[in-house]
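Encoded as structure tokens, the structure appears first; notes follow it.
The values are calculated or read from the model by the stated rules, or taken from the named source; none is laboratory data. Since the structure is predicted, the reported quantities are computational estimates derived from the model, not experimental observations. With ideal geometry, Cβ positions are generated from the backbone for all residues, glycine too; neighbour counts draw on all protein chains shown.
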Amino acid sequence: MSEGMHQNTNGMLLNGKEQSDIIKGEIATQVSEIVSSGKRAPHLAAILVGEDGASKTYVKNKELACQKVGFTSTLLRYDATITEEELLNKIEEINNDDEIDGLIVQLPLPSHISENKVTQAINPAKDVDGFHDVNVGKLTKGEDTFISATPYGIIQLLDRYKIETSGKHCVVVGRSNIVGRPMSILMSRADNPGNCTVTLCHSRTKNLADFTRMADILIVALGRAEFVTGDMVKPGATVIDVGITRVPADNERGYVLRGDVEFDSCAAVAGAITPVPGGVGPMTIIGLMQNTLKSYQLRHA
Ligand code: NDP
């Protein structure tokens, strides 16, 4: 099946592209009110190191989203040879720049630079990716914080489509710090969406399908194309596919994007499902935009 053709589902298609356009419109309205009151627009800075193709695409999409909602955006690009110290100095400069509300450093970084050091160098008040230990800690305790962008986007998608989560069994596959683990925490929080009983699965989980088949809400973030098949899904479940894998293909780009979920077989049994592309990806950018607006509002309160 070609990209963008993922529309045949027995259940509901959770259209992240459509919802993200609606939410961008809502953010744009708020930004135009801010600007017409004489204040400056929210400002997101992004640092991109090196020439990774996927990273360049992600950063470009973030810049386009900023333009769309009326944010100011600054892209700082560095050669892969930049030293860790130079990068940390640049981050410190942005931390101290009152005109910048949010800073993201696109990962992965070259191997001579510690991602942890870089992530922890960002001022938690400008950490709109929500990766800093302070923000992760607050998330864990259920305190108000910058929720990392992908889980935040998924929460908003569930909310917009009024997917009932309270009392449901949510199974998350993947325990990374940026997706699976924060997602599991959010789904178990005492809030809506949330209040789920959560099972967190990973590569050491035995008999994975026994768990996925028990899920009322199945969130898959493991990074293996079309890994979850229809026989692993409980009839009527909500399936959220976070995965994005470039699979080699005989087309102009040389690849197609695939999720972690085999769409056709899962859509045949699911009650609701996200497509790839056009599902979680656009909602991730919404998470980032919302966090940047929030940072601006907190700094101008
Ligand atoms: P990571 O590689 O950091 O984590 C993958 C997780 O999946 C690990 O916890 C790993 O377990 C687990 N895993 C791997 N193989 C299996 C298996 N066979 N069975 C069960 N669990 C397994 O990936 P990310 O979380 O960063 O990303 C996951 C996917 O989501 C990728 O395709 C990525 O491109 C995509 N992504 C999409 C975003 C979007 O906006 N849509 C944003 C971020 C990521 P273990 O811990 O034991 O190794």
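Within segment 203-225, count every residue that is more than 10 Å from the ligand (Cβ to nearest atom) and touching a residue at least 24 places away in the same chain (Cβ under 8 Å).
6
Take VAL242 and decide whether it is near the ligand (Cβ under 10 Å from one of its atoms) and assigned by TED's automatic domain parsing to the domain that holds TYR152.
Yes.
For segment 174-201, give me the residue count where each residue is away from the ligand (no atom under 14 Å from the Cβ), of a type in the set (Gly, Ala, Ser) and in contact with a Cys (Cβ under 8 Å, 6 or more places away or on another chain).
Qualifying residue count, segment 174-201: 1.
Would you confirm, using the coordinates I've provided, whether THR229 is within 16 Å of the ligand (Cβ to nearest atom) and surrounded by fewer than 18 Cβ atoms within 10 Å (Cβ to Cβ)?
Yes: the conditions hold for THR229.
When residues of segment 125-134 are filtered for being over 12 Å from ASN177 (Cα atoms) and not acidic (Asp, Glu), how many remain?
Here the count works out to 4.
Output the residues belonging to segment 63-79 that are of a type outside the set (S, T, N, Q) and without any contact (Cβ under 8 Å) to a residue 60 or more places away in the chain.
Of everything in segment 63-79, those that are of a type outside the set (S, T, N, Q) and without any contact (Cβ under 8 Å) to a residue 60 or more places away in the chain turn out to be GLU63, LEU64, LYS68, GLY70, LEU75, LEU76, ARG77, TYR78, ASP79.
Could you list all residues from segment 152-192 that are in a helix (DSSP H, G or I) and among the acidic types (Asp, Glu)?
Answer for segment 152-192, where residues must be in a helix (DSSP H, G or I) and among the acidic types (Asp, Glu): just ASP159.
Considering only residues that are away from the ligand (no atom under 11 Å from the Cβ) and among the aliphatic types (A, V, I, L, M), which ones fall in segment 262-287?
Passing the criteria: ALA267, ALA268, VAL269, ALA270, ALA272, ILE273.
Taking only segment 229-267 into account, find how many residues are in a loop (DSSP other than H, G, I, E, B) and out of contact with any Leu (no Cβ under 7 Å at 6 or more places or on another chain).
Total meeting the criteria: 13.
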